[in-house]
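> Submitted below is the structure of interest, expressed as structure tokens.
The values are calculated or read from the model by the stated rules, or taken from the named source; none is laboratory data. Since the structure is predicted, the reported quantities are computational estimates derived from the model, not experimental observations. Heads up, the Cβs are rebuilt from the backbone with ideal geometry, glycines too, and the neighbour counts pull from every protein chain shown. Surface areas here come from the heavy atoms of the whole protein model, side chains and all, with no ligands, DNA or RNA. Shrake-Rupley method; radii C 1.70, N 1.55, O 1.52, S 1.80 Å.
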Amino acid sequence: NYRLLQQSRALKSGFIASLIKGSDRQVPVHELISNYDLCFMSDDFLVMVIYIERYDPSTFQGMDSFTQYKMIQFIITNVVEELVGQTNQGYMTEIDDLLVCLVNVKKSGMDEWKNEMLRVINESQEFFVENYKLYFIAAVSNIHMTVDGIPEAYNEALKTMEYKRVMGISNINFYEEINGLPKTEYYFPLEKEYQLMNCVK
């Protein structure tokens, strides 16, 4: 049944979001992982945050702006998960209107994870510009060991995205590239910005 499948996907997406945000839960995390048929290939995780900058509405004619945005999120989710899945495991979800990908890095790919993530970013960006006139930027955390390290990875990806947007530097993709750089006086976290936008809506 399609509706039951949609419900299952929504619950799984919500669970992935809770792993990323580090939400408190009543059920042990390993039991939930098993319940949602998640089979991680290693204990190494990173988080990639995607920020949609702009797109051509004429590409999605006949849809209102809300439906257009949901369609864009759906397409990005499928393409990015497929590209990540060619080497690692990727699970997309939405957090405060941001698209977020939890990446489980396979052990044999530990030395190549940065090149692999750059490949995913570049190939997906080229695909969306060519087919949908859609532009987005991405930010990637460091690798963290164990599920408990995922929320810190999410914070690193957010900080990297904030830096890219505020400083206008598009060629920075990884947290380690901004870690240790001089701090600016500007501080308005991306998460707060989306919370403010949601309140205004």
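> What number comes out for accessible area per residue over region 1-151 if the probe is 1.4 Å? Units Å², please. Don't skip to the end; give the middle numbers.
Values: 8140 Å² over 151 residues.
Ligands and nucleic acids excluded, the result is 54 Å² per residue.
> Further question: Read phi for every residue in region 161-178 and hand back ³J(HN,Hα) as whole Hz from Karplus 6.51 cos²θ - 1.76 cosθ + 1.60, θ = phi - 60°, with x for Gly and Pro.
5, 4, 4, 4, 6, 5, 8, x, 9, 7, 8, 9, 10, 10, 4, 5, 7, 10
> Please list 3J(HN,Hα) in residue order for region 11-20, calculated via the Karplus relation 6.51 cos²θ - 1.76 cosθ + 1.60 where θ = phi - 60°; whole Hz, with x for glycine and proline.
Ordered by residue, 3J(HN,Hα) equals 5, 5, 4, x, 5, 4, 4, 5, 4, 5 Hz.
> Ranked by accessible surface with a 1.4 Å probe, highest first, in what order do ILE33, ILE50 come? Before the final figure, lay out each step's value.
Details: ILE33 25, ILE50 5 Å².
Solvent-accessible surface, decreasing: ILE33, ILE50.
> Lys and Arg at +1, Asp and Glu at -1: add these up for the other residues within a Cβ distance under 11 Å of MET41 and post the number.
Around MET41, the surrounding residues sum to 0.
> Of all the accessible heavy-atom surface of region 64-178, with the other protein chains kept in place and a 1.4 Å probe, what percent is carbon and sulfur?
Working: 2580 of 5250 Å².
Looking at region 64-178 in its full context, I get 49 percent from C and S.
> Please report the equivalent ellipsoid semi-axes of region 28-146, computed as sqrt(5 x eigenvalue) of the Cα gyration tensor, largest first, in whole Å.
Details: eigenvalues 154, 58, 24 Å².
One finds semi-axes of 28, 17, 11 Å for region 28-146.
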